[in-house]
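The values are calculated or read from the model by the stated rules, or taken from the named source; none is laboratory data. Everything numeric here is computed off the predicted structure, so don't read it as measured data. All Cβ positions, glycine included, derive from the backbone under ideal geometry; neighbour counts span all protein chains shown.
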């Protein structure tokens, strides 16, 4: 069994398509989810099903599909354990600030806000997105939950970089990724224990121009026992109607130095990225 189990907006669809092509399998033969653990799915559902006045998500289709895939993956994992099979899992991480830009643009395109311009047909401007995302980061770092369902989901998904590996990956598979060393030269972390073979990558290494790209492709091919041909561009903001706004936000978005210190000082970020790499991220996003 192969499960692509990772936090949102870390190129999971690119891995899904690459694995399908390499293995020659159809849709549905590889499980794909962001939230597998029942407790986390229940928390999301409770937050988005608040009283009508706080329901600010315009379209629940994509979220419902995300929760459905999580339930299917959980059932598949339980069945695999009963059969004493080995589960292969692919998971990833990404620069948290770059990821947050992808999250808000994705939510604006596919979820939509009921009364704000964060909507596929709204009068969305880069300036509005930048200010909205800055306020979201303040709430994330202060650990203050907003009331509206759109606001809460954006807050929850953004802050998942700190909690996802413990609340999802460790909870489902019993592994602490920080107990092993991430080797940037290998461009991945692989953990093999009885019943589990886990590959963890960084999104930045997926870019063809990245120094570790060829190493990641080689290790991914070895993990899948099938040659992959790279990572296709799929589910990217560059392919959607909001691409111009998204590109402008990526160029202009900044945060105060103190906020960036809080984001990049998290132990899970420092596990996967070197001090030099973190300094590059901070320089990019510093106000």
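Every test in (1) more than 18 Å from residue 12 (Cα to Cα); (2) touching a residue at least 60 places away in the same chain (Cβ under 8 Å); (3) part of a helix (DSSP H, G or I) is passed by residue 131 save one, and that test is (2). Within segment 172-187, the residues that satisfy the criterion of being exposed (fewer than 14 other Cβ atoms within 10 Å of the Cβ) and either at negative phi or part of a helix (DSSP H, G or I) (or both) are 176, 179, 181, 183, 185. The helices (runs of 4 or more DSSP H) found entirely in segment 190-287 that carry 1 or more residues being touching a strand residue (DSSP E or B) at 6+ places or on another chain (Cβ under 8 Å), at pLDDT 95 or above and buried (at least 18 other Cβ atoms within 10 Å of the Cβ) are 213-224, 257-264, 267-272, 275-285. With respect to (1) surrounded by fewer than 19 Cβ atoms within 10 Å (Cβ to Cβ); (2) touching a strand residue (DSSP E or B) at 6+ places or on another chain (Cβ under 9 Å), the lone exception for residue 131 is condition (2).
Only residues that are in a loop (DSSP other than H, G, I, E, B) and surrounded by fewer than 13 Cβ atoms within 10 Å (Cβ to Cβ) were counted in segment 117-128, giving 2. If I ask for residues that are within 22 Å of residue 247 (Cβ to Cβ) and either outside any helix (DSSP H, G or I) or in contact with a strand residue (DSSP E or B) (Cβ under 8 Å, 6 or more places away or on another chain) (or both), which ones from segment 134-171 would you list? Selection gives 134, 137.
In segment 55-70, of all residues being in contact with a helix residue (DSSP H, G or I) (Cβ under 7 Å, 6 or more places away or on another chain) and within 20 Å of residue 31 (Cβ to Cβ), the one that is surrounded by the most Cβ atoms within 10 Å (Cβ to Cβ) corresponds to 70. Taking the numbered list (1) touching a helix residue (DSSP H, G or I) at 6+ places or on another chain (Cβ under 8 Å); (2) under 26 Å from residue 123 (Cα atoms); (3) exposed (fewer than 14 other Cβ atoms within 10 Å of the Cβ) in turn, residue 102 passes all entries but (3). Taking every residue in segment 256-272 that is free of Cβ contacts under 8 Å to residues at least 60 places away in the same chain and pairing it with any residue that is in a helix (DSSP H, G or I), at least 6 positions away or on another chain, the pairs with Cβ-Cβ distances below 8 Å are 257/282; 261/282; 270/264; 270/278. Going through (1) within 30 Å of residue 23 (Cα to Cα); (2) within 16 Å of the chain's Cα centre (by Cα); (3) surrounded by 14 or more Cβ atoms within 10 Å (Cβ to Cβ) one by one, residue 166 falls short only on (3). Of the numbered criteria (1) crowded, with 22+ Cβ neighbours inside 10 Å; (2) over 19 Å from residue 40 (Cα atoms), the one residue 140 fails is (2).
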